[in-house]
């Protein structure tokens, strides 16, 4: 096993909402990564229930140096007496979660910074159940690092592991792919996929097979560690090429849908036939309708506090209990292990399903979306318009404000704790919710929320309101408020 010796000059390593991340060469270095990986492996070994294979899956995405970092992690893990199964190519993070369950492994370590800007890299830790480890686990890893830094051994021989194709085959077995394809062809619906130069590139083509080539097209599929100049996050501002492509393809009797994945393939968003961007705020209500209303699957619905009220309204209309949790899929994953869950979703694009893994899987989400559209024989926009017509219009937006420094964050946190706003744009705040951050509720589907990012020096400002103009006014008010503190 590993020995410890600490360099007290280094700042402590802290985990965010999903793993540890930092800027390459500044916060994220090989020395730090190896120490974190060894501490994480030690904790996986310590917590392992009886009957598991002494294996840890090692995956990585398309980022700069990700493969090289993963090789070193796999090498030092193997020196501990644990077999390291290193992915033979960049893989979506959920493929590693799938491999953990399939191989009865201790867990997985994935070298990825998910949707963060190109200069970032990080480490995600998956438990033996395939989901993200909880806060108790990451605190234990941090304590191991504080106790003493870790002297790590030299490289050892590695054997590549075929991770991606096993995940693809597993997903195929969960869906009636020929039926989905037949339904899409009957609708003359073209599917445009944008993996944002990330590790999910090529996966949808493999899932739908050779017969899909007539209606499936993929853009931005080439590996690019700079991600085309924008962070690989599925937000409308980063998807101009996809939106333009969908609009071009939707002419006459031909319709199109755009599906986008983030950098490591665990988050999803979509573009409808009119070129309108839809985040999971509006996709999750559609999933709920399909899973509860059509498939009749059991379970409650989980949403994070930053998620749209529309999720609650649709769920309760279908007789489903709704749980509201802090931001971060690890909280959803933990709850999925405690009770029967239909679906659990967060605002940033991650969705988990009770009939799959306790983890986000954008490829599973994409297949389920195509199944719902195919079976309903209605394009995405028409389906979502129907939900809005039933429950009333809802508009949602998030703005990320970069902070000037730690002092400004502390002042704003204190203000929101001790003296939160009582009115917003002349509307009275009726309730303050502190599940995560500070959420100021004005009425149903009208609220404003402040929350500090767990992975970047950002203040995230969320707003939902019945009109687009009101969303914009609230966000502008919030930005002015934050800057004056």
Just checking, how many residues over region 244-298 are part of a helix (DSSP H, G or I) and either closer than 17 Å to residue 370 by Cα or touching a residue at least 40 places away in the same chain (Cβ under 8 Å) (or both)? 18
Is it true that some residue in region 303-317 is out of contact with any strand residue (DSSP E or B) (no Cβ under 8 Å at 6 or more places or on another chain), under 23 Å from residue 174 (Cβ atoms) and not assigned by TED's automatic domain parsing to the domain that holds residue 18? no
Note on region 366-376: residues closer than 19 Å to residue 166 by Cβ and surrounded by 24 or more Cβ atoms within 10 Å (Cβ to Cβ) are 366
Out of the residues in region 440-453 that are more than 14 Å from residue 413 (Cβ to Cβ) and surrounded by fewer than 20 Cβ atoms within 10 Å (Cβ to Cβ), state the one that is modelled with the lowest pLDDT. 444
Determine, yes or no, whether residue 342 is under 13 Å from residue 269 (Cα atoms), in contact (Cβ under 8 Å) with a residue 12 or more places away in the chain and assigned by TED's automatic domain parsing to the domain that holds residue 276. no
Exactly one of these conditions fails for residue 422: (1) in contact with a strand residue (DSSP E or B) (Cβ under 8 Å, 6 or more places away or on another chain); (2) surrounded by fewer than 16 Cβ atoms within 10 Å (Cβ to Cβ); (3) closer than 25 Å to residue 28 by Cβ. Give me its number. (3)
Which one of these is touching a residue at least 60 places away in the same chain (Cβ under 8 Å) and either over 15 Å from residue 306 (Cα atoms) or surrounded by fewer than 18 Cβ atoms within 10 Å (Cβ to Cβ) (or both): 392, 405? 392
Just wondering, is there one or more residues in region 30-45 that are outside the structural domain of residue 223 (by TED's automatic domain parsing), more than 21 Å from the chain's Cα centre (by Cα) and in a loop (DSSP other than H, G, I, E, B)? no
Looking only at region 88-108, count every residue that is buried (at least 24 other Cβ atoms within 10 Å of the Cβ) and either assigned to a helix (DSSP H, G or I) or in contact (Cβ under 8 Å) with a residue 60 or more places away in the chain (or both) and tell me the total. 13
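Residue by residue, here is whether (1) assigned by TED's automatic domain parsing to the domain that holds residue 347; (2) at positive phi; (3) in contact with a strand residue (DSSP E or B) (Cβ under 8 Å, 6 or more places away or on another chain) holds:
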| position | (1), (2), (3) |
| --- | --- |
| 127 | no, no, yes |
| 132 | no, no, yes |
| 143 | no, no, no |
| 159 | no, no, yes |
| 206 | yes, no, no |
| 219 | yes, no, yes |
| 223 | yes, no, no |
| 228 | yes, yes, no |
| 235 | yes, no, yes |
What is the number of the single condition among (1) under 19 Å from the mean Cα position of the chain (by Cα); (2) farther than 30 Å from residue 274 by Cβ; (3) part of a helix (DSSP H, G or I) that residue 169 does not meet? (1)
Which condition number does residue 363 fail, the rest of (1) in contact with a helix residue (DSSP H, G or I) (Cβ under 7 Å, 6 or more places away or on another chain); (2) closer than 25 Å to residue 15 by Cβ being met? (2)
With 332, 373 as the choices, which residue is under 30 Å from residue 93 (Cα atoms), part of a helix (DSSP H, G or I), within 26 Å of the chain's Cα centre (by Cα) and without any contact (Cβ under 8 Å) to a residue 40 or more places away in the chain? 332
Note on region 194-243: residues closer than 15 Å to residue 362 by Cβ and assigned to a strand (DSSP E or B) are 194, 218
Test residue 186 against the stated conditions and say whether it is free of Cβ contacts under 8 Å to residues at least 12 places away in the same chain and outside the structural domain of residue 64 (by TED's automatic domain parsing). no
Residue 68 modelled with pLDDT of 95 or more, out of contact with any strand residue (DSSP E or B) (no Cβ under 6 Å at 6 or more places or on another chain) and farther than 28 Å from residue 232 by Cβ: no
Is it the case that region 112-123 has a residue that's in contact with a helix residue (DSSP H, G or I) (Cβ under 8 Å, 6 or more places away or on another chain) and assigned to a helix (DSSP H, G or I)? no
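The values are calculated or read from the model by the stated rules, or taken from the named source; none is laboratory data. Predicted model only: the values in this text are computed from it and were never measured. FYI the Cβ positions are ideal-geometry reconstructions off the backbone, even for glycines, and counts take in every protein chain you see.
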